[in-house]
Amino acid sequence: MNIDKVEISRLKMPLKQPFETSFGRLTFKDFLVVSIHSGDFVGYAESASLPYPIYNEETTGTVSYILKEFLIPKLFSVERIKHPTEIHRLFQPIRRNNMAKAVIDGAVWDLYAKHQGISLATALGGDKKEIDVGVSIGIEATVGKVLEKVERFIAEGYKKIKVKIKPGHDIEVVRAIREQFGPDVPLMADANSAYSLDDAPILKQLDQFNLIMIEQPLAHDDIIDHAKLQKQLSTPICLDESIHSVEDARKAIELGSCKIINIKVGRVGGLTEAKKIHDLCKSNNIPVWCGGMLEAGIGRAHNIALSALDNFSIPGDTSASDRYWAYDIVMPEIMLSQPGRLQVPDSPGIGYEINTSVFEQYLISKEHFTNELIVK
C-alpha cells in the first residue's frame with residue numbers, strides 16, 4: 001500500500017449524560033479521527049485519548065502534536081507498506097505515546113483490510129459472528145441512581161455489569177446491587193487505581209459478592225503490589241492501566257499480579273500489540289476482554305473487530321452507540337443485534353460508513369498531510 005494522504009480531524013461530541021470515575025467527570029469527548037488514503041481506499045481510526053491527562057499521560061492535544069511532528073513524517077518515510085504490523089516496528093524508537101501510535105496503527109489495519117476485501121476482524125484472525133457485550137456504569141450521586149441504571153441495562157440484556165468504585169463508594173454500592181438483583185447478575189467493580197495496599201481490608205470485603213473481577217484497584221503503574229493483593233483475595237484482579245505492552249503483560253502474569261487482563265487498543269499502542277497480548281494471555285490461560293474509552297462509532301468498530309478473537313471470553317465494554325451518544329459518527333449506528341450481543345461486520349474494513357452530516361456537526365478542525373506539504 002502506498003500512502004497518498006493523511007487527515008486529522010478533531011471532534012467534540014457531548015455525552016448524553018456525564019460519566020464519572022474515581023479520577024474525574026466527563027461531559028464530552030474531545031478526540032481525533034485519523035483517515036489514511038491509499039488510491040481509492042480510506043482507512044479510519046479514532047484516538048482513545050481524553051481531553052485531560054487523567055487516564056494516562058496523553059491528551060487530545062499531545063496526541064495531535066506527536067502525530068504531526070513525529071508519527072506522520074515517519075509514516076511517509078516508508079515507500080510502501082506491505083502489512084500493518086510494520087507500523088509497530090516503525091514507531092518503536094518513539095517512547096510511549098501509545099494512543100498516538102494506536103490511531104495510525106488502527107487506520108492502517110482498516111486500510112489494509114479494505115485493500116484485501118476482508119473485514120477487519122478477519123484480518124486480525126477473529127472468526128466470531130457476534131460478541132457478548134457489557135456496560136460500564138459511572139459513579140453516581142446516589143446508590144439509587146446506580147440501581148436504576150443496573151435495572152435498565154439488565155433489561156436490555158447486557159452480559160456484564162461494570163460499576164465504578166472509589167473509597168467511600170464501594171461496599172455499599174456492590175451490596176445494594178446484589179441485594180436487589182441477586183447473585184447471578186454478572187458483576188464486576190472497577191477502581192481505576194483509587195486504592196492502596198492499606199485498603200486491602202476494604203477490598204477483601206468484596207470477596208463476599210461473587211464478582212467476576214476487581215479491575216485495577218491499585219496504582220496505575222503497579223504490578224508488584226497487585227501481586228501482593230491478589231494473594232489476599234479470592235476475587236480475580238484484572239489489570240488495565242498497568243498493561244502497556246506484551247512485555248508488561250508477561251511480567252504481570254509471571255508475578256501473579258492478576259488473573260484477567262483488560263486490553264484497550266489505545267493504551268497498548270494499537271491493534272498489533274493488542275493481538276500480541278491476546279495471544280500471550282491465551283497461551284497462559286489468562287482470559288481477556290476489551291475495555292472502552294467512551295469511543296464514538298469508529299473506535300467501537302475497532303473494538304468489535306478485536307473482540308472477535310477467541311480469547312476475548314469475557315464481555316467487553318463496547319455497548320451500543322445510544323449508550324453515550326445522541327447521534328454517532330458512523331452509519332448504521334452500532335446497535336445490539338440481540339440482547340447483550342453485537343454483530344461482527346463481515347464487509348471490508350471496519351464495516352461501517354462515516355455519517356458525514358453528523359461528523360461535520362461535531363468537527364472542530366481538519367488538517368491534511370502529504371509527503372510534500374501540510375495544508376490547513
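The values are calculated or read from the model by the stated rules, or taken from the named source; none is laboratory data. Keep in mind the model is a prediction, meaning the values are calculated, not measured. Positions of Cβ are backbone-derived with ideal geometry, glycine not excepted, and every protein chain shown enters the neighbour counts.
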Condition broken by Ile104, with the remaining ones in (1) closer than 15 Å to Lys276 by Cβ; (2) in a helix (DSSP H, G or I) satisfied
(1)
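Glu295 - would you say it is in contact (Cβ under 8 Å) with a residue 40 or more places away in the chain, acidic (Asp, Glu), in contact with a helix residue (DSSP H, G or I) (Cβ under 7 Å, 6 or more places away or on another chain) and outside any strand (DSSP E or B)? Don't jump to the end; show me each part of the working.
Details: in contact (Cβ under 8 Å) with a residue 40 or more places away in the chain: yes; acidic (Asp, Glu): yes; in contact with a helix residue (DSSP H, G or I) (Cβ under 7 Å, 6 or more places away or on another chain): yes; outside any strand (DSSP E or B): yes.
Answer is yes for this residue.
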Every listed condition ((1) at pLDDT below 95; (2) under 20 Å from Gly316 (Cβ atoms); (3) not aromatic (Phe, Trp, Tyr)) holds for Lys166 save (2)
So which residues in the stretch 194-217 are under 24 Å from Ser313 (Cα atoms) and touching a Leu at 6+ places or on another chain (Cβ under 9 Å), if there are any at all?
Leu206, Asp207, Phe209, Asn210, Leu211, Ile212, Ile214, Glu215, Gln216, Pro217
Residues that are under 18 Å from the mean Cα position of the chain (by Cα), modelled with pLDDT of 95 or more and aliphatic (A, V, I, L, M), drawn from the stretch 21-47
Leu32, Val33, Val34, Ala45
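Looking at Ser257, Ser242, which is the one that is in the same structural domain as Val133 (by TED's automatic domain parsing) and either in contact with a strand residue (DSSP E or B) (Cβ under 9 Å, 6 or more places away or on another chain) or without any contact (Cβ under 8 Å) to a residue 24 or more places away in the chain (or both)?
Details: Ser242 fails: either in contact with a strand residue (DSSP E or B) (Cβ under 9 Å, 6 or more places away or on another chain) or without any contact (Cβ under 8 Å) to a residue 24 or more places away in the chain (or both).
Of Ser257, Ser242, the one residue that is in the same structural domain as Val133 (by TED's automatic domain parsing) and either in contact with a strand residue (DSSP E or B) (Cβ under 9 Å, 6 or more places away or on another chain) or without any contact (Cβ under 8 Å) to a residue 24 or more places away in the chain (or both) is Ser257.
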Does Gly157 fit the bill of being more than 21 Å from Ile243 (Cβ to Cβ) and either assigned by TED's automatic domain parsing to the domain that holds Phe312 or modelled with pLDDT under 95 (or both)?
yes
The helices (runs of 4 or more DSSP H) lying entirely within the stretch 190-258 that contain at least 2 residues which are small (Gly, Ala, Ser) are 246-255
Go through the stretch 274-292 and give me each residue that's farther than 20 Å from Gly256 by Cα and outside any helix (DSSP H, G or I).
Cys290, Gly291, Gly292
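Out of the residues in the stretch 211-258 that are among the charged types (D, E, K, R) and closer than 18 Å to Ser136 by Cα, which is surrounded by the most Cβ atoms within 10 Å (Cβ to Cβ)? Lay out the reasoning, then the answer.
Restricting attention to the stretch 211-258, the residues satisfying the condition of being among the charged types (D, E, K, R) are 215, 221-222, 225, 228, 231, 240-241, 247-248, 250-251, 254.
From what is left, the residues that are closer than 18 Å to Ser136 by Cα are 215, 240-241.
Values: Glu215: 27, Asp240: 21, Glu241: 21.
Top of the filtered list is Glu215.
Being over 19 Å from Gly292 (Cα atoms), loosely packed, with under 14 Cβ neighbours inside 10 Å and either touching a Phe, Trp or Tyr at 6+ places or on another chain (Cβ under 6 Å) or modelled with pLDDT under 95 (or both) narrows it down to one of Asp207, Asp184, so name that one. Spell out how you get there, then give the answer.
On the way: Asp207 fails: either touching a Phe, Trp or Tyr at 6+ places or on another chain (Cβ under 6 Å) or modelled with pLDDT under 95 (or both).
Within the list Asp207, Asp184, the selection yields Asp184.
Looking at Val78, is it of a type outside the set (Gly, Ala, Ser) and modelled with pLDDT under 95?
On the way: of a type outside the set (Gly, Ala, Ser): yes; modelled with pLDDT under 95: yes.
Answer is yes for this residue.
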Residue that is farthest from Asp317 (Cα to Cα) [pool: residues in the stretch 86-141 that are surrounded by 19 or more Cβ atoms within 10 Å (Cβ to Cβ) and among the hydroxyl-bearing types (Ser, Thr, Tyr)]
Tyr112
